[in-house]
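Below you'll find the structure, written out as C-alpha cells, and then a few comments.
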Amino acid sequence: MITIYHNPDCGTSRNTLAMIQQSGEEPVIIEYLKHPPTRERLVELIKAMNIPVRKLLREKGTPFAELGLSDSKWSDDQLIDFMLKYPILINRHIVVTPKGVRLCRPSEAVLDFLPNPEIGPFTKEDGEVVINDNGVRAA
C-alpha cells in the first residue's frame, strides 16, 4: 500500500501522484492541509525519513518568516507544534511505500522507491520529460 500526503494545488505533488498511479498503484491520498497528521504520525514520518525536523519545514508561501522559525531557539518539539497548528508549514509531499518514506522533492524522487518504478514515458505538467519514449530516465 502507498500513501501520499498530497496538496492538490501543488504541481509537484500532482506530478508525484500521477507517477504513482502510472506505476499501477492507487495510493491512499491524504490531503494534509485538510487532514493533518497527528503529532505521533508526524514524528513517525520524520523518523522514518531520517531527516532533521527543520528539513520538513516549508518556507515559501507559509508563515515561516512571520513566526520567526529560522531562529535556532525553536526545539524540534516546538517546530512540530507549529507544523500541526499550520499544516502549510509541512514541506510537501511525503510518500510512504513498502520500500520506505520520503519527501519527494523533486517529484521524480518517488521513482526510487516505488514497488514498480517502470512507469513508461512520463512528462511533468510543465513539459519537463522525466522518462522519455525509449524508457530512459532524464538526468
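Counting only residues at least eight positions apart within a chain, or on another chain, the lysines with an alpha carbon under 17 Å from that of Lys55 are Lys47, Lys73.
A Gaussian network model of the chain, with springs between Cα atoms under 10 Å, assigns the largest mean-square fluctuation among Leu17, Leu79, Leu67 to Leu67. All alpha carbon pair distances within the chain were sorted into 5 Å bins beginning at 0; the resulting P(r) in whole percents reads 2, 10, 20, 21, 18, 13, 8, 5, 2, 0, 0.
Between Lys55 and Val129, residue separation times 0.36 nm minus the direct Cα-Cα distance comes to 23.9 nm. Once C-alpha pairs closer than 8 Å and six or more residues apart are averaged by separation and normalised to the residue number of the chain, the relative contact order reads 29 percent.
Expressed as a whole percentage, what fraction of the accessible surface of the stretch 1-74 belongs to carbon and sulfur atoms when a 1.4 Å probe is rolled over the protein heavy atoms? Its accessible area is 50 percent carbon and sulfur atoms.
Within the listed set Lys73, Lys99, Lys55, the Gaussian network model of the chain (springs between alpha-carbon atoms below 10 Å) gives the highest mean-square fluctuation for Lys73. Each DSSP beta bridge with both residues in the chain is either parallel or antiparallel, and the antiparallel ones are about 75%.
Solvent exposure of the chain amounts to 54 Å² per residue of accessible area, where only protein heavy atoms count and the probe is 1.4 Å. Cα centroid separation, the stretch 50-100 to the stretch 110-139: 28 Å.
Taking the Cα centre as origin and putting +1 on Lys and Arg beta-carbons and -1 on Asp and Glu beta-carbons, what dipole magnitude results for the chain, to the nearest 20 debye?
That gives a dipole near 340 debye.
Full extension of the chain between Ser72 and Met1 gives 21.9 nm of extra length, using 0.36 nm per residue less the Cα-Cα distance.
From the cross-link list Lys85/Lys124; Lys99/Lys124; Lys60/Lys124; Lys60/Lys99, which pairs have alpha carbons spaced over 27 Å apart? Flagged as over cut-off: Lys85/Lys124; Lys60/Lys99.
The values are calculated or read from the model by the stated rules, or taken from the named source; none is laboratory data. All figures in this text were calculated on a predicted structure; none of them were measured in a lab. For neighbour counting, all protein chains shown are included, and Cβ atoms are generated from backbone atoms with ideal geometry for every residue, glycine included. Surface accessibility is based on the protein's heavy atoms, side chains included, excluding ligands, DNA and RNA. Shrake-Rupley method; radii C 1.70, N 1.55, O 1.52, S 1.80 Å.
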